[in-house]
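**Student:** Next up is a structure, given as structure tokens.
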Amino acid sequence: MRTTASAAMIFLTALAPLVACGSEPAPRTLTGTKWQLTSIQSMADAESTAVPDPSKFTVEFGADGTASFQLDCNRGTGSYTAEPGADGNSGTLTFGPIGVTQMFCPQPSLDQRVTSSLEHVRTYLFDGDQLHLSKLADGGILSWRPA
């Protein structure tokens, strides 16, 4: 009985490095996730704008390559293309044309600013539980939290 237990222990000890190597976390993906906008960082004037009600500004990344948006009182949809980077936490991201309803949201509203910013997004970065979307040519960063 003792020999069987010792043999089992040696076997499990030998397997431990293989299990550890095979348990690397999978790269994170945008597909199937939904986010709420928390802030808009402008690089031009180093200004950050907090979003007063993040639930009014959301993006959901569908498995079919379609992104759905809530933009204050407006809704939008459009295609997206995401290519993960080698690190598994960042990559390139572009949105195709986004069709948006044209309701006039009560002012002040960030709907127009967010809508125009989305056209210029080029990369994404997962940082803990945050998602940061960076605009072309250091044009700014849209920061999101899980919805």
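Just so it is clear, none of the values below were taken in a lab; they were calculated from the coordinates. Quick caveat, the model's predicted, so the values are computed rather than measured. FYI the Cβ positions are ideal-geometry reconstructions off the backbone, even for glycines, and counts take in every protein chain you see.
**Student:** Any idea how many residues of segment 50-68 are of a type in the set (A, V, I, L, M) and in a strand (DSSP E or B)? Spell out how you get there, then give the answer.
**Tutor:** Of all residues in segment 50-68, those of a type in the set (A, V, I, L, M) come to 50-51, 59, 63, 67.
Now drop any that are not in a strand (DSSP E or B), which leaves 50, 59, 67.
Number satisfying all stated conditions: 3.
**Student:** Sticking with this structure for a sec: For segment 69-147, give me every one of the strands (runs of 3 or more DSSP E) that falls completely inside it and has 1 or more residues that are of a type outside the set (Val, Ile, Thr), touching an Asp or Glu at 6+ places or on another chain (Cβ under 8 Å) and surrounded by 14 or more Cβ atoms within 10 Å (Cβ to Cβ). It would help to see each step written out before you state the result.
**Tutor:** On the way: elements: 74-84, 90-100, 121-127, 130-135, 141-146.
So the answer is 74-84, 90-100, 141-146.
**Student:** For the list (1) in contact with a Leu (Cβ under 8 Å, 6 or more places away or on another chain); (2) touching a residue at least 60 places away in the same chain (Cβ under 8 Å), I need the number of the one condition that Ile98 fails.
**Tutor:** In the conditions (1) in contact with a Leu (Cβ under 8 Å, 6 or more places away or on another chain); (2) touching a residue at least 60 places away in the same chain (Cβ under 8 Å), Ile98 misses (2) alone.
**Student:** Got at least one residue in segment 122-131 being touching a His at 6+ places or on another chain (Cβ under 7 Å) and more than 18 Å from Thr58 (Cα to Cα)?
**Tutor:** no
**Student:** Would you check which residues across segment 61-95 are aliphatic (A, V, I, L, M) and under 13 Å from Glu119 (Cα atoms) and list them?
**Tutor:** Restricting attention to segment 61-95, the residues satisfying the condition of being aliphatic (A, V, I, L, M) are 63, 67, 71, 82, 86, 93.
Across segment 61-95, the qualifying residues are Ala67, Leu93.
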